[in-house]
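What follows is one structure encoded as structure tokens, with my remarks underneath.
The values are calculated or read from the model by the stated rules, or taken from the named source; none is laboratory data. From a predicted model like this one, the values you see are computed outputs, not experimental measurements. Quick reminder, even Gly has a Cβ in these numbers, built from the backbone with ideal geometry, and neighbours come from all protein chains shown. All accessible areas refer to the heavy atoms of the entire protein, side chains included, with ligands and DNA or RNA removed. Shrake-Rupley method; radii C 1.70, N 1.55, O 1.52, S 1.80 Å.
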Amino acid sequence: MKTLKRRQAGMMTDRQVQMRHRDRLKRIRHGFLLRTVFTVVLLFTLTGAGQARDIIAFLGGQRVGTSGMPFLKIPVGARAEAMGGAYVAIANDPYALYWNPAGVAQIENRWIGDHAYDTDRRENGGGPKTRREKLFAGSHAFAATRINWIADVTYDYVSLVTPLPNRLGHIGISLGSLSTPDMEITTTYQPEGTGEYFSFGDFLAGLTYGLQMTKNFSWGVTLKYAREDLAGHTMTNMMLDLGTYYWTGFRDLRLGVALVHFGPNAAPDGSYTYTDDAGEEVTRSFQAYAPPTEFRLGTAMTVYASGYHRVLMSAQLNHPVDNAENFKLGAEYAFFDMLFIRGGLKLNTDEDHWSTGGGVRVPFRGIAFSADYSYTDFGLLDAAHRISIGITY
């Protein structure tokens, strides 16, 4: 009887070995397929950019200037912009509120979560070794950015993300304010100025909710209010951002999808008066414009990790309603996850074709402090500079 039980146990063990072997082969095939897809996307973006530029510009170039509130298109976050804006599939910091609302549920995964790609990670998946754990603090995060935009425009943006109790998700709050120096009013008969001045400014407030539905999938939504003030005329609008975030299961390869700035048309309040061809004065309301809605699709993966060194790469396709489609490529080199060097390429864009930057992260008493900088070249126009600071605890 005992011999029979041993044989049955041996048969079960053989079955388990066969099942494990099949699962291993399946994972290998799955990983090879995902790696191939990721490589094809990068190669297409790099080698097909010339042909795509001509085709895409023809299909979308006629949409330029057909939307309102253009300040919503200014990228926020020095890390994101230094990587060329290819960030929808990364979005694991407070700037996820701008790039992909699903990313608010990934704040912790950036450093210590199930999908953090770390060569010093324990084999049983128990997290990083003690010598690095001080870098991986909590899922509460705050960030602030100052953007010195072209034409003396200044844009300030702050965001805060915090988890809800009982694993009910994460919420985030974001605020943005754009301002310019007062500008002098000019007319046909006084082209040098009338001595009177007008002001221009924008304001943004958003409330975000994100939830990690499964170990690999999360989603998020942002409800935001935007206001634009120009020379005493005000335009307001309510918009939605929707996003999803998916870990494929192959290393830390992930996919991100987001639809941002989605909402109704809006027009400035008040009216204007002009004289028609018959010499009569006509009063009309201002025309309504659609918000600058954009669809983003991207992927990202750590392509190299050894010891203290890590290289993260990302690719993103953008489909705006008011311009031609464009491609973004980004790369980030990290040393010990404390020192970062970044670069990005932008294909089929108007003037900003490349960006670069860097950053540092310093742990102190359970809190991780970060500071980042980015430089964006605008060709014939002035360069744009971003400085960001952040706290994770």
Practice item. Restricting attention to segment 234-257, report how many residues are open to solvent by less than 10 Å² (accessible area, probe 1.4 Å) and either closer than 30 Å to Phe286 by Cβ or outside any strand (DSSP E or B) (or both). Key: 4
**Study point:** All positions within segment 282-300 that are outside any loop (DSSP other than H, G, I, E, B), aliphatic (A, V, I, L, M) and modelled with pLDDT under 95
**Key:** Val282, Ala290
Revision key, fill the gap. In segment 323-376, anything open to solvent by 30 Å² or more (accessible area, probe 1.4 Å), in a strand (DSSP E or B), among the hydrophobic types (A, V, I, L, M, F, W, C) and touching a residue at least 40 places away in the same chain (Cβ under 8 Å) is listed as Ala331, Leu345, Leu347, Trp354, Ile367
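Quick one: in segment 201-223, which of the residues that are open to solvent by less than 30 Å² (accessible area, probe 1.4 Å) and not hydroxyl-bearing (Ser, Thr, Tyr) is nearest to the chain's Cα centre (by Cα)? Let's see the steps before the verdict.
From segment 201-223, those open to solvent by less than 30 Å² (accessible area, probe 1.4 Å) are 201-202, 204-206, 208, 210, 218, 220, 222; that's our starting set.
With the extra rule that they be not hydroxyl-bearing (Ser, Thr, Tyr), the set shrinks to 201-202, 204-206, 210, 220.
Numbers: Gly201: 23, Asp202: 21, Leu204: 17, Ala205: 17, Gly206: 15, Gly210: 15, Gly220: 13 Å.
The extreme case among them is Gly220.
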Practice item. Report, ordered by the first and then the second residue, all pairs with beta carbons closer than 9 Å, sequence separation of six or more or different chains, a first member in segment 277-289 that is within 25 Å of Phe71 (Cβ to Cβ), and a second member that is at pLDDT below 85 and of a type outside the set (Ser, Thr, Tyr). Key: Ser285/Gly270; Phe286/Gly270
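Residue-by-condition table, conditions (1) surrounded by 13 or more Cβ atoms within 10 Å (Cβ to Cβ); (2) at pLDDT 85 or above; (3) at negative phi:
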| residue | (1), (2), (3) |
| --- | --- |
| Glu123 | no, no, yes |
| Pro128 | yes, no, yes |
| Phe136 | yes, no, yes |
| Leu164 | no, yes, yes |
Check your understanding: Which of the following residues is surrounded by fewer than 15 Cβ atoms within 10 Å (Cβ to Cβ) and within 23 Å of Asp269 (Cα to Cα): Ala231, Ala151, Ala226?
Key -> Ala231
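Would you check which residues across segment 304-316 are open to solvent by 50 Å² or more (accessible area, probe 1.4 Å) and free of Cβ contacts under 8 Å to residues at least 40 places away in the same chain and list them? Reasoning before the result, please.
If we filter segment 304-316 for residues that are open to solvent by 50 Å² or more (accessible area, probe 1.4 Å), which is where we start, we get 304, 306, 308-309, 313.
Hits for segment 304-316 are Tyr304, Tyr308, His309.
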